[in-house]
Amino acid sequence: YRPVLQPQESIPPTGTYMLRDRAGVPCIRVTLGAEFMVLEQKTWYFSLDPSRVVRTGTCGAKNAILSLTLPNNSASLLFYFLKDKNVYYVTKIFAHLYPLPVCKNCHYVGVVDHEKLFVSKGGRSFKCNSEILLRLSSMLRLKLVPLQMQAFSVPKGQYGKEVECWADYNKRILPIIIGGVIVGLLLIALLTYVIVRDRRRTGYESL
């Protein structure tokens, strides 16, 4: 099996991946759609197919890894989780892609390291419906949409209360703010009209 790059981007299919520790207790749950973007003379795209993904990883008290790999190790996506007191986050994302060539013997590898991504409190899940675009190398990008994840504590294998990403928060709150501003401006205009009208009426009565 080899991934086939496409000339146009698409909405990647969404898959849910669960990892359990040696005792069979869920320690990581991730729901995501992932699309690799290869930058050659033009941009090529490949979406991760959940039906072909082999899920592996490790669970520790403070460190955990979720690995999503395609057959023949033709592509992989690894998330490295770190727990710091009652907060956890992704500190590293590694990806590689060995597709049918748009150039001869191309093997694309990239990493985002020493980061603090997708921060959430223990027992809660990080969720983002907005597109997340990560630069893994000069020739490889990773698009995640949507994304929901929870690590270290996943009671009954279900997501806990959601921690909303900033992009989703802004999309939700901006219309409210804009609506409030418009209403405020309309009230000011109405109040100004009433004051001007009353002053004119008072002036006429004086005459």
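The values are calculated or read from the model by the stated rules, or taken from the named source; none is laboratory data. Treat the numbers as computed from the prediction; the structure is a model and nothing was measured. So basically every Cβ, Gly included, is an ideal-geometry build from the backbone, and we count neighbours across all protein chains shown.
Can you pull out every residue in segment 95-117 that is within 17 Å of F79 (Cβ to Cβ), in contact (Cβ under 8 Å) with a residue 40 or more places away in the chain and not aliphatic (A, V, I, L, M)?
From segment 95-117, those within 17 Å of F79 (Cβ to Cβ) are 95-97, 109-117; that's our starting set.
Those left that are additionally in contact (Cβ under 8 Å) with a residue 40 or more places away in the chain: 95, 97.
Result: no residue meets the conditions.
For segment 25-42, the candidate set comprises residues that are at pLDDT below 95 and not hydrophobic (A, V, I, L, M, F, W, C); within that set, the residue that is nearest to F81 (Cα to Cα) is E40.
I want to confirm something. Restricting to segment 43-54 and keeping residues that are among the β-branched types (V, I, T) and either in a strand (DSSP E or B) or over 17 Å from I65 (Cβ atoms) (or both), which single residue is modelled with the highest pLDDT? Break it down into steps so the answer makes sense when it comes.
Initial filter on segment 43-54 (among the β-branched types (V, I, T)): 43, 53-54.
Okay, now just the ones that are also either in a strand (DSSP E or B) or over 17 Å from I65 (Cβ atoms) (or both), so 43, 54.
Values: T43: 94, V54: 97.
Looking at residues that are among the β-branched types (V, I, T) and either in a strand (DSSP E or B) or over 17 Å from I65 (Cβ atoms) (or both), I get V54.
Return a yes/no flag: does segment 43-51 have any residue that is farther than 20 Å from M139 by Cα, surrounded by 15 or more Cβ atoms within 10 Å (Cβ to Cβ), of a type in the set (S, T, Y) and under 19 Å from the mean Cα position of the chain (by Cα). Within segment 43-51 (the criterion being farther than 20 Å from M139 by Cα, surrounded by 15 or more Cβ atoms within 10 Å (Cβ to Cβ), of a type in the set (S, T, Y) and under 19 Å from the mean Cα position of the chain (by Cα)), the answer is no, since none of the residues qualifies.
Scanning segment 112-147 for residues that are part of a loop (DSSP other than H, G, I, E, B) and either touching a His at 6+ places or on another chain (Cβ under 8 Å) or not small (G, A, S) (or both) yields D113, H114, E115, K116, R124, N129, E131, L136, M139.
Restricted to segment 126-164, and to residues there that are under 15 Å from the mean Cα position of the chain (by Cα), farther than 16 Å from P12 by Cβ and without any contact (Cβ under 8 Å) to a residue 40 or more places away in the chain, the residue that is surrounded by the fewest Cβ atoms within 10 Å (Cβ to Cβ) is R135. Taking P71 as the residue in question, decide whether it is of a type outside the set (K, R), modelled with pLDDT of 95 or more, surrounded by fewer than 15 Cβ atoms within 10 Å (Cβ to Cβ) and more than 21 Å from the chain's Cα centre (by Cα). Yes. In the condition set (1) more than 14 Å from L134 (Cβ to Cβ); (2) outside any loop (DSSP other than H, G, I, E, B), A61 is compliant with all but (2). Checked against (1) closer than 20 Å to S10 by Cα; (2) surrounded by fewer than 15 Cβ atoms within 10 Å (Cβ to Cβ); (3) among the hydrophobic types (A, V, I, L, M, F, W, C); (4) touching a strand residue (DSSP E or B) at 6+ places or on another chain (Cβ under 9 Å), A61 meets all criteria but (1).
Scanning segment 1-21 for residues that are surrounded by fewer than 18 Cβ atoms within 10 Å (Cβ to Cβ), part of a loop (DSSP other than H, G, I, E, B) and in contact (Cβ under 8 Å) with a residue 40 or more places away in the chain turns up Y1, R2, V4, E9, I11, T14.
Condition test on Y169, is it among the aromatic types (F, W, Y), part of a helix (DSSP H, G or I), at pLDDT 75 or above and surrounded by 10 or more Cβ atoms within 10 Å (Cβ to Cβ)? Don't jump to the end; show me each part of the working.
Working: among the aromatic types (F, W, Y): yes; part of a helix (DSSP H, G or I): yes; at pLDDT 75 or above: yes; surrounded by 10 or more Cβ atoms within 10 Å (Cβ to Cβ): yes.
So Y169 fits the description; yes.
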